[in-house]
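In what follows, a structure is listed as structure tokens, so that the remarks can point back to it.
The values are calculated or read from the model by the stated rules, or taken from the named source; none is laboratory data. Remember, predicted model here, so these are calculated numbers, not experimental data. Don't worry about glycine lacking a Cβ; one is built from the backbone with ideal geometry, like all the others, and counts go over all protein chains shown. With ligands, DNA and RNA removed, areas are computed over all heavy atoms of the protein, side chains included. Shrake-Rupley method; radii C 1.70, N 1.55, O 1.52, S 1.80 Å.
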Amino acid sequence: MPEVNELVNGVFWVGVRDWDRRLFDALVPLPYGTTYNAYVVVGDKKTALIDTVNPGFEGDLKAKLDVLGGMDKLDYLIMNHAEPDHAGTIPFVLEENKKLKLVLTEKGAKLAKVLYHVPDDRMMIVKQDDQIELGGKTLRFIEAPFLHWPETMFTYLVEDKVLFPCDFFGAHSAGGVFAEDVQDLLTLAKKYYGEIMMPFTKSAKQGMAKLEGLEISMIAPSHGPIHSDPEPIVLAYLDWTSGETKEKVTICYVTMWQSTKTLVDKMVEILLEEGIETKVYSLPVSDMANIAGDLVDSRAIVLGSPTVLNGLHPQALYAASLVKVLRPPAKYAAVLSSFGWSGGAVKQALEILGPTKIEVVGAVDVNGRPTAEDLKKVEELARSLVEKVRSG
Ligand code: FEO
């Protein structure tokens, strides 16, 4: 029997569990797999499917819908978001049920056309606060642009106070039905926030503002378990979207012959001595999701890299580029580098970090093995960084 879970009366989870997926967007590691959550809302007169599933799971979705009366029973397909992990199966569902209307925002319609070739006459465009009556169940739409694509919307089930916010409030975990079933869910959700939502902090704040005053008794996101008690995830999101940082430094480094690591070790020693929360990632063996999670509330970032071919080591270049695109709320940075015969790593790091809002407090660039004098410079830089971090 396919797994179908009734969340509240007439609201069913018909998503799928992808235990084996290990990468998202060919970038984000998924150590615990993920789910593609889809939901059915059954009213007295009409039935709606909210989102679909990743391509490749069409048969699973169909089998689950069969449990609830089959594809023919559907009247509306709500597209909260056009990314293929939720919308990729839309063409299959539209083909199976020729009377079905695809409900989406105006920007969603543009994407549905180019990504899935949905014809105009199958689409029903909605805007902020529009509602669809299913009979005893009312779906209200809340536009949530750039959370995390421009067309994104949330769907709110008025009578049962259930919010379907698509990727927002999500987490990558294939296990569990409800939040309490998954250990350390907020840690997973924080990493996910850092990877997906942090580049859109302003939009995320606006999204949270739109939810103010809305009574929410359950949050049913598109990835990971369902929050039957919304408070912990809402409080966490209020914190993460605030852009507030902690007295915390995240260090990302790569070393080839230990010179850069010697500099990093000195930096870590001073930061810990000063009581600063310090997270250290050796880039070649680190999970990008852990770094993204720590960047959500770090006040400073330290990048360590040897010079390789007149610039940053490729792993450090990748980390610097990630910092640039993820737009963490960090205020300060420092660079530690070593070189053999010509430098270039620091210059390239500054070129990347320069246009960001992050103030580069300083850099230490060492020729060869670090001497006691070099380590003194690192100590001075570390103490300057501590002063900045403590200043807020
Ligand atoms: Fe889970 Fe943006 O798709």
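Out of the residues in region 262-301 meeting the condition of being touching a strand residue (DSSP E or B) at 6+ places or on another chain (Cβ under 7 Å) and of a type in the set (Lys, Arg), tell me which one is least open to solvent (accessible area, probe 1.4 Å).
It comes out as 299.
In this structure, does residue 44 turn out to be open to solvent by less than 10 Å² (accessible area, probe 1.4 Å) and among the acidic types (Asp, Glu)?
No: the conditions fail for residue 44.
Within region 136-148, how many residues are in contact with a Gly (Cβ under 8 Å, 6 or more places away or on another chain) and either of a type in the set (D, E, K, R) or assigned to a strand (DSSP E or B) (or both)?
1
Restricting attention to region 138-148, and to residues there that are away from the ligand (no atom under 13 Å from the Cβ) and either open to solvent by less than 20 Å² (accessible area, probe 1.4 Å) or out of contact with any strand residue (DSSP E or B) (no Cβ under 9 Å at 6 or more places or on another chain) (or both), which single residue is farthest from residue 54 (Cα to Cα)?
138
It is to be established whether one or more residues within region 68-90 are farther than 29 Å from residue 185 by Cβ, part of a helix (DSSP H, G or I), more than 16 Å from the ligand (Cβ to nearest atom) and not basic (Lys, Arg).
The answer is yes; a qualifying residue exists.
Please note which strands (runs of 3 or more DSSP E) are completely contained in region 1-62 and include at least 1 residues that are touching a strand residue (DSSP E or B) at 6+ places or on another chain (Cβ under 7 Å) and away from the ligand (no atom under 16 Å from the Cβ).
Of the strands (runs of 3 or more DSSP E) lying wholly inside region 1-62, those with at least 1 residues that are touching a strand residue (DSSP E or B) at 6+ places or on another chain (Cβ under 7 Å) and away from the ligand (no atom under 16 Å from the Cβ) span 5-8, 11-13, 39-42, 47-50.
So which residues in region 187-226 are open to solvent by less than 10 Å² (accessible area, probe 1.4 Å) and of a type outside the set (A, V, I, L, M), if there are any at all?
Matches in region 187-226: 192, 193, 194, 207, 221, 222, 223, 224, 225.
Which residues, counting only those in region 149-206, are within 12 Å of the ligand (Cβ to nearest atom), part of a loop (DSSP other than H, G, I, E, B) and of a type in the set (Ser, Thr, Tyr)?
Scanning region 149-206 gives a single hit, 152.
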